[in-house]
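Any read-out appearing in this document is the output of simple, stated calculations on the displayed coordinates, not a laboratory observation. None of the values given here were measured: they were computed from a predicted structure. Note that each Cβ is placed from the backbone with ideal geometry, even for glycine, and that neighbours are counted across all protein chains shown.
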Amino acid sequence: MRYNFTKSNRNLALALMGIGVIAIIIGFLTNPHRTWASLLVNNFYFMALSLAGTFFVAVSYVMQAGWSVGLKRVPEAMGAFLKFSAVGMILIFIFGHNDLYHWTHSEIYEKFLPDGKTPNPDFDHILLGKHGFLNIPFYMIRMVAYFAIWVGFTWILRNESLKEDLEGGLKHYKKSFKFAAIFIPLFGITSSTSAWDFLMSIDAHWFSTLFGWYTFMGLFVSGLATMCLIIIYLKSKNYLENINENHMHDVGKMMFAFSIFWTYLWFSQFMLIWYANLPEEIIYFKTRWDHYRVIFWVNFFINFLFPFLVLMSRDAKRKMKILMIAGIGIVLGHWLDVYLMVMPGTMKANWGGFNPIEFGIMAGYAGLFIYVVLNALSKAMLVPQKHPMLKESLAHHL
Amino acid sequence: MSKKTVMAVYEDDYQVVVGAKKLTESGFKIKDVFSPFPIHGIDPVIGLPRTRIATVSFLLGSTGTMLVLLGVWYMMIHDWHIDIGGKPNFALYKNLPAFIPVTFEFTVFCAAHGMFLTFLLRSKILPGVTAANPDPRTTDDQFIIVMEVEEDKIAGIKGLLQGTGCIDIRS
């Protein structure tokens, strides 16, 4: 069965995109500095969702997972958004780097003012030390490399899966397995380094060795929650009738487990910095504690306690409604988490509460994401037709 | 009429499920199934209720959390203030991040060990207790369905289980 991308859904997505465009225009007219930060938040967040889709597909292949075959077209379709977020990320960096990343300012690397005698008050000794890594050409090379790897492997895995639908046999499965096995270590490295580049380098003086895993966990758990929501939506429209509560139980378990693991990493990072209390490290949390305390707490409750308590019991994971509530919580919560990583570094103390522009841009990105993902879903059969483990997936029972 | 214990011996876990299904469908009540390992999908067939070990685990974990917080509060805050890493505080909640690792560990400790002990107690597997196992081979490579039926129905059971892979019926 194929998904039918109805006109009303298309219009809804286009309307959301319209809101986004208006929000971006108003944002650049009123507060361009903040608009760049909101663009980065949303672009990174929706990039993370689609990257999690590709990662899920790759992990399923490498683990030779059978249960997820019936729903694997959903994470595959989520990966289709990556190329759009790639364009967005590159444009944001090219045009917004002065607003977002302090290390891209060239004057901070000069010891003296142009006259050669007066010391430069903006000279930044720490960033000069990091200049070998954080410089614009190398950053651009890295960024292009990340997206080349991610988009490339997404395309390969999707393409093999579509070919398998037509030809069958084990050939495409084995090929996908190999490419997935190559992708995972590459992803392991690039997910960490890209987190340093896109998010950690906003606070370029500060660093945390845990940051890459922490971002990766947020990425994966919000991607799983999105996948869960898309499946529940499709099921409510009478698609994917073979995906039952046993499959959703597994998805729910992963959401539950990785929410806890996210918290584990979040807390490990927080506690070490809190305990050591070194000025150059604590500044990261001090900014967030002093000016963003509400988000700081909401982030903790909605991403840890909420899924922890809601998804704990077996029955909760087998009920679509509860899964949907938990999924919505996680999706919104991790948006806040990205928000908390970007905004304090850009806006510092001048935050002053949420701005409708941020939500407008979020709506725009959500519209584009919905459009691209549903469009990709409608382009192929909703259930892989000739996957060697399809039978195992349909008979999955817990 | 007096009841007699009937044991159907199998050598394959899948065949046990098929046999048990056949028996319950014909109205026999299965007392228990002995197996060297958990058999997937047998619980609803022989009418076992859902395990309550998850609830026990939650309660034990919560007990652990509260116990450890009480202990930490008494030892580190109330009885004698201990200044570690320049964080002397006279309130538990202000020092809480430092105590989260131990709270986590003790919660897991209580939940895991408590569940283990609960399971042993509930299954009556304790030192000195004679095993309720009808045949030691069910701890190795055999499976036994145990039933209690009236004497005149034993022949019926034999007929039912013919061809389900049952290798022996003892009564």
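Values computed for the structure shown
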read-out: Sorted by Cβ neighbour density within 10 Å, fewest at the top, the residues A:S378, A:S50, A:S85, A:S161; value: A:S378, A:S161, A:S85, A:S50
read-out: Kirkwood-Stokes translational diffusion coefficient of chain B, alpha-carbon pairs, 20 °C, 1.002 mPa s, µm²/s; value: 107
read-out: Cleavage-rule hits (chymotrypsin sites (Phe, Trp or Tyr not before Pro)) in the range B:42-126: DSSP loop, at most 11 neighbouring Cβ within 10 angstrom; value: B:W80, B:F90
read-out: Sparsely packed chymotrypsin sites (Phe, Trp or Tyr not before Pro) within the range A:327-380, loop by DSSP, other Cβ within 10 Å at most 10; value: none
read-out: Shape category assigned to the range B:125-171 from the gyration tensor of Cα positions, a/c cut at 1.5; value: oblate
read-out: Cα centre as origin, Lys/Arg/Asp/Glu Cβ charges: the range A:7-386 dipole, Debye; value: 1360
read-out: Per-residue Cβ neighbour rank within 10 angstrom, fewest leading, A:M1, A:M140; value: A:M1, A:M140
read-out: Shape call, the range B:53-122: gyration tensor on alpha carbons, a/c limit 1.5; value: prolate
read-out: Rounded to whole Hz, the Karplus (6.51, -1.76, 1.60) HN-Hα couplings of the range A:125-138, x for glycine and proline; value: 5, 5, 5, 4, x, 8, 5, x, 9, 8, 10, 4, x, 5
read-out: Members of A:K321/A:K348; A:K391/B:K21; A:K175/A:K237; A:K253/B:K94; A:K174/A:K391 lying beyond 27 Å, as alpha-carbon distances in this model show; value: A:K321/A:K348; A:K175/A:K237; A:K253/B:K94
read-out: Rg/Rg_globular for the protein assembly as shown, with Rg_globular taken as 2.2 N^0.38 Å and Rg from C-alpha atoms; value: 1.20
read-out: Helix-only CD estimate at 222 nm, as mean residue ellipticity for chain B, using -39500 (n - 2.57) per DSSP H run (n ≥ 4); value: -14500 deg cm²/dmol
read-out: Expected 222 nm ellipticity per residue - DSSP helices of 4 or more, -39500 (n - 2.57), all of chain A, to 500; value: -24500 deg cm²/dmol
read-out: Test item: B:51-57 mean partner chain Cβ contacts at 10 Å; value: 1
read-out: Exposure rule at most 16 other beta-carbon atoms within 10 Å, DSSP loop trypsin sites (Lys or Arg not before Pro): chain B longest free segment; value: B:53-123
read-out: Filtered GluC sites (Glu not before Pro), the range A:186-287: DSSP coil and at most 12 other beta carbons within 10 Å; value: A:E241
read-out: Proxy reagent accessibility, fewest Cβ within 10 Å first, across A:M254, A:M341, B:M147; value: A:M254, B:M147, A:M341
